[in-house]
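Scroll down for the structure; my scribbles are underneath it.
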Amino acid sequence: MQVTFKVYRKDPEKDGKPGRSNYTLELAEDATVLDALLKIRDESDSTLAFRGCCGRGYCGECMMRVNGSARLACTAKVPDYIKKGPEISLDPLRNVPVIKDLVFDWDAFMWNKIKEVKPWLETEGSPVNGENLIADAAMQDLRKVMSCFYCGMCDEGCTVLPVDFDFLGPAALTKAYRFAFDPRNKDSREQVKIVEKPKGIWDCVHCYEADEHCPRGIEPTKRIVALRDRAFNSGITHEAVARHHASFAASVKESGWLDEGRLAVESEGLTNVKGLMKLLPTAAKALARGKAPIPYMHSKRPDADKIKKIFEKAEQEEK
Amino acid sequence: MKYAFYPGCVSRGGCPELYPSAVKVADKLGIELDELKSVGCTGAGVLPQNITDPINARTFAKAEQLGLPIMTICSTCTGVMAQANYRLKDDPNYRAKINREYLADEGLEYKGTTEVKHLLWVLFEDYGIERLQSLIQRPLKGLKVSPFYGCYLRRPPEAITPTKELNRRKAYLDELIGILGAEMADISGKGKCCGFPILSANEENSLAMVAKHTGESKEKGADFMVTPCPLCHLNLDGNQSRAEAQTGKEIDLPILHLPQFVGLALGFNPNEMNLKRHIVSTTDVESKVSMMS
């Protein structure tokens with residue numbers, strides 16, 4: 001089959017301006033995108049830069065966008081991408097610093113962020129015979145997380161990273177989960193406190209895009225939600241988030257449902273004049289249209305006492 | 001056709017225009033609503049699962065007693081309840097534990113049979129598009145509309161789109177725009193987050209998301225955006241002017257709730273759908289709609 005690859009180009013040693021090169025080549029019917037790239041480099045353009053290593057979907061090195069969607073070039077079969085026509089576009093991931101052509105800065109994209117979550121285990125006491133034995137069942141859940149091969153697909157799918165590249169992102173936060181939830185960890189709160197800092201778990205919008213993108217079914221969003229739930233149950237250390245969650249919890253506990261007016265003012269903090277002033281223009285517009293919920297004028301739901309009982313029992317259980 | 005109606009807090013709180021519009025539309029369609037009044041908040045993805053799973057199980061048990069599926073008008077309520085319901089249905093031991101520890105005191109038990117559906121899903125899966133089409137009195141011809149789903153109406157797959165057939169749910173809003181006679185102004189972020197969940201943790205990022213989605217919609221020539229999620233509405237409509245101030249770019253895009261959009265096609269006038277209650281002015285939409293009828 002004959003296919004034309006339209007490949008993103010950028011060379012910092014020339015003008016550094018992004019462009020595109022087209023390569024038309026003859027390929028075998030079972031060729032992958034990585035096969036095509038190797039052929040281009042061997043036969044027609046030795047200046048084309050890209051990464052690739054294992055060739056069988058294990059190492060994650062060859063992540064790129066194939067016709068706009070993030071794929072591993074080594075498992076992307078060419079025939080699957082030419083159904084609409086014999087052309088395939090290849091680009092680096094979105095929102096990553098490009099070094100050259102399809103090679104981007106993995107350190108900035110993921111590794112530096114993983115380093116930030118203290119990705120190692122500190123156990124208590126000295127292990128018996130040099131081994132810290134643990135029941136197999138206790139590792140079941142973690143084994144899934146440990147199957148991550150750092151392809152970066154979750155970060156590529158993330159909703160927050162396109163607006164804020166400093167967000168730690170699902171890959172690093174999932175790594176934090178792996179250690180926070182390891183039963184051998186001497187302080188299960190340590191990683192949670194690290195990722196509670198700005199740009200961590202509270203910056204995640206829990207949109208579940210990461211779960212949809214992960215090729216290993218690790219469900220990074222659910223891991224982030226578990227870290228947040230642990231933070232909630234053991235005391236949130238992020239000030240603004242703590243106020244927001246405490247107010248949310250108090251109004252559900254007291255009335256069965258949410259007092260939105262109260263949530264708006266208490267999230268800013270009742271003594272935070274500057275924060276409360278910021279709410280005023282929106283509140284004034286809302287009032288003018290008869291839609292601003294008045295704080296603390298909130299009625300209880302029927303059966304609010306029963307909901308409160310469940311709430312308090314669940315809180316107690318967690319302690 | 002009857003549902004246990006779960007309107008959610010926002011439809012009477014921050015977006016009080018939503019509840020009455022939804023009730024009017026349901027009435028016109030002949031969908032009977034038995035409102036669940038003595039049940040709690042879903043937790044909205046803010047409160048932890050160990051607290052909200054029992055509260056949601058109680059809601060499901062109440063609907064089960066009525067023998068009715070639950071209908072919501074909020075993507076967030078739908079998503080959080082669907083996720084809780086998935087855990088409770090999938091694991092009988094977990095369900096038994098929740099029943100024993102939390103519901104037995106009230107003499108309640110959740111047997112795992114309740115369905116949770118958003119109005120959008122109800123229209124396609126239960127009500128039927130042909131039946132809806134037969135009731136259209138004002139095809140919204142000439143209007144360009146962008147869809148915005150709300151994350152929780154699309155993901156996670158096991159709770160929201162568990163079968164290949166139900167994967168269609170990801171396109172219902174796109175389809176509906178055409179069915180009601182309007183033209184779609186498609187946007188790349190229609191299934192992404194509106195930014196509302198991080199408004200208190202990182203306002204700058206939250207507003208950047210508002211600007212991105214509404215700005216793209218405006219560039220595509222949309223008259224308005226439609227959303228089945230009132231939390232998205234709070235951010236996309238309520239905070240649009242702050243997003244404009246942050247980016248220094250005027251957007252001015254009205255955001256309509258799903259029932260308002262359906263209601264206009266069913267022949268309700270803009271006042272009956274409470275369009276005046278929005279923060280971003282809907283005057284242009286109102287005049288275009290008035291010229292149609």
Query raised in the report: So what is the calculated 222 nm ellipticity per residue for chain B, using -39500 (n - 2.57) for each DSSP H run with n of 4 or more, over all residues, to the nearest 500 deg cm²/dmol?
Result: -12000 deg cm²/dmol
**Report entry** Sequence-separation-based contact order of chain A, relative, with Cα cut under 8 Å and 6+ spacing, percent
**Finding:** 12
Query raised in the report: With +1 on each Lys and Arg Cβ and -1 on each Asp and Glu Cβ, how big is the dipole of the protein assembly as shown about its Cα centre, in debye rounded to the nearest 20?
Result: 700
Report task. For the stretch A:2-104, please report how many Lys pairs fall under 26 Å Cα to Cα, leaving out neighbours fewer than 8 apart on the same chain. Result -> 19
**Report entry** Integer Hz, Karplus 6.51/-1.76/1.60 couplings in order for the stretch B:9-21, x for Gly and Pro
**Finding:** 5, 5, 5, 10, x, x, 10, x, 6, 6, 4, x, 5
Report summary line: Within the stretch B:124-166, DSSP-loop trypsin sites (Lys or Arg not before Pro) with at most 14 other C-beta atoms within 10 Å are B:Lys141, B:Lys164
Report summary line: Applied in sequence order to the stretch B:117-131, the curve 6.51 cos²θ - 1.76 cosθ + 1.60 (Karplus, θ = phi - 60°) yields integer Hz couplings, x standing for Gly and Pro, of 9, 7, 3, 4, 5, 4, 4, 7, 9, 10, 6, x, 5, 5, 5
**Report entry** ³J(HN,Hα), Karplus 6.51/-1.76/1.60, whole Hz, each residue of the stretch B:222-238, x for Gly, Pro
**Finding:** 5, 7, 6, 10, 10, 9, x, 10, x, 6, 4, 4, 4, 7, 5, 8, x
Query - Under 11 Å, Cβ to Cβ, from B:Val39 - net charge with Lys/Arg +1 and Asp/Glu -1 - result: +3
Requested in this report: Could you tell me the distance between the Cα centroids of the stretch A:255-292 and the stretch A:3-41, to the nearest Å?
Outcome: 54
Report summary line: A convex hull over the alpha carbons of the stretch A:106-234 yields, per residue, a volume in Å³ of 108
Query raised in the report: How are the Cα pair distances of the stretch A:2-104 distributed, in percent, across 5 Å bins from 0?
Result: 3, 13, 25, 27, 20, 9, 3, 0
Query raised in the report: For B:Cys151, A:Cys62, what ranking results if the residue with the fewest other Cβ atoms within 10 Å of its Cβ goes first?
Result: A:Cys62, B:Cys151
Query raised in the report: Mind checking the dipole of the stretch A:41-173: about its Cα centre, +1 per Lys or Arg Cβ, -1 per Asp or Glu Cβ, Debye to the nearest 20?
Result: 440
Query raised in the report: At 25 °C and 0.890 mPa s, what whole-number value in µm²/s does Stokes-Einstein give for the translational diffusion of chain A, with Rh from the Kirkwood sum over Cα pairs?
Result: 105
Query - Inter-part distance where the stretch A:125-184 and the stretch B:25-100 are each reduced to a Cα centre, Å - result: 31
Report summary line: Listed by chain and number, the aspartates and glutamates with an alpha carbon less than 20 angstrom from that of A:Lys300, same-chain partners under 8 positions apart left out, are A:Glu254, A:Asp259, A:Glu260, A:Glu266, A:Glu312, B:Asp34, B:Glu35, B:Glu106
Requested in this report: Set Lys and Arg Cβ to +1 and Asp and Glu Cβ to -1, take the dipole of the protein assembly as shown about its Cα centre, and tell me which of A:Leu133, B:Ser146, B:Gly79 lies farthest positive.
Outcome: B:Ser146
Query - Net charge contributed by nearby residues that have their C-beta within less than 14 Å of A:Glu190 (K/R +1, D/E -1) - result: +3
Report summary line: For A:Thr32, other-chain or 5+-apart residues with amide H closer than 5 Å (H placed, Pro excluded) are A:Val78
Report task. Measure nothing but the geometry: give the 0 to 90° angle between the long axis through the Cα atoms of B:203-219 and the longest principal axis through the Cα atoms of chain B, rounded to 10°. Result -> 50
Requested in this report: Return A:Tyr150, B:Tyr6 ranked ascending by Cβ neighbour count within 10 Å, so the fewest neighbours appear first.
Outcome: A:Tyr150, B:Tyr6
Report summary line: The answer for the per residue Cα convex hull volume of chain B, in Å³, is 116
Query - Cα-based convex hull volume of the stretch B:14-130 per residue, rounded to whole Å³ - result: 109
Query raised in the report: Just from its helices, what would the mean residue ellipticity at 222 nm be for chain A, if runs of 4 or more DSSP H residues each count -39500 (n - 2.57) and the sum is divided by every residue, rounded to the nearest 500 deg cm²/dmol?
Result: -12000 deg cm²/dmol
Query raised in the report: Can you list the lysines whose alpha carbon is less than 23 Å from that of B:Lys97, not counting same-chain residues fewer than 8 positions off?
Result: A:Lys222, A:Lys253, A:Lys306, A:Lys308, A:Lys309, A:Lys313, A:Lys319, B:Lys62, B:Lys89, B:Lys111
Query raised in the report: Whose amide H sits under 5 Å from the amide H of B:Met184, counting only residues 5 or more places off or on another chain, with H placed in the peptide plane?
Result: B:Val145
Requested in this report: For B:Val226, list long-range residues whose amide hydrogen, built 1.01 Å from N in the peptide plane, is under 5 Å from its own amide hydrogen.
Outcome: B:Ser146, B:Phe148, B:Leu256
Query raised in the report: Helix B:283-292 versus the longest principal axis of chain B: what angle, 0 to 90°, nearest 10, using Cα atoms?
Result: 80
Report summary line: Residues other than A:Ser234 with Cβ under 14 Å of its Cβ, Lys/Arg counted +1 and Asp/Glu -1, net out at -2
**Report entry** For the protein assembly as shown, the fraction of alpha-carbon pairs in successive 20 Å shells from zero, as %
**Finding:** 18, 50, 29, 3, 0
Requested in this report: Kyte-Doolittle cut-off 0.0, length cut-off 18 Å along the helix's own axis using Cα: show which whole DSSP H helices in chain A pass.
Outcome: A:273-288
Report task. Place a +1 charge on the Cβ of each Lys and Arg in the stretch A:239-318 and a -1 charge on the Cβ of each Asp and Glu, then give the dipole magnitude about the Cα centre in debye, rounded to the nearest 20. Result -> 460
Report task. Could you quote the convex hull projected area for the stretch B:78-147, Cα atoms only and averaged over all directions, in nm²? Result -> 7.3
Report summary line: Going from the fewest other Cβ atoms within 10 Å to the most, one would list A:Trp257, A:Trp111, A:Trp120 as A:Trp120, A:Trp111, A:Trp257
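A short reminder: the numbers here are calculations on the coordinates, not readings from a lab. Predicted model only: the values in this text are computed from it and were never measured. Cβ atoms come from the backbone with ideal geometry, glycine included; neighbour counts cover every protein chain shown.
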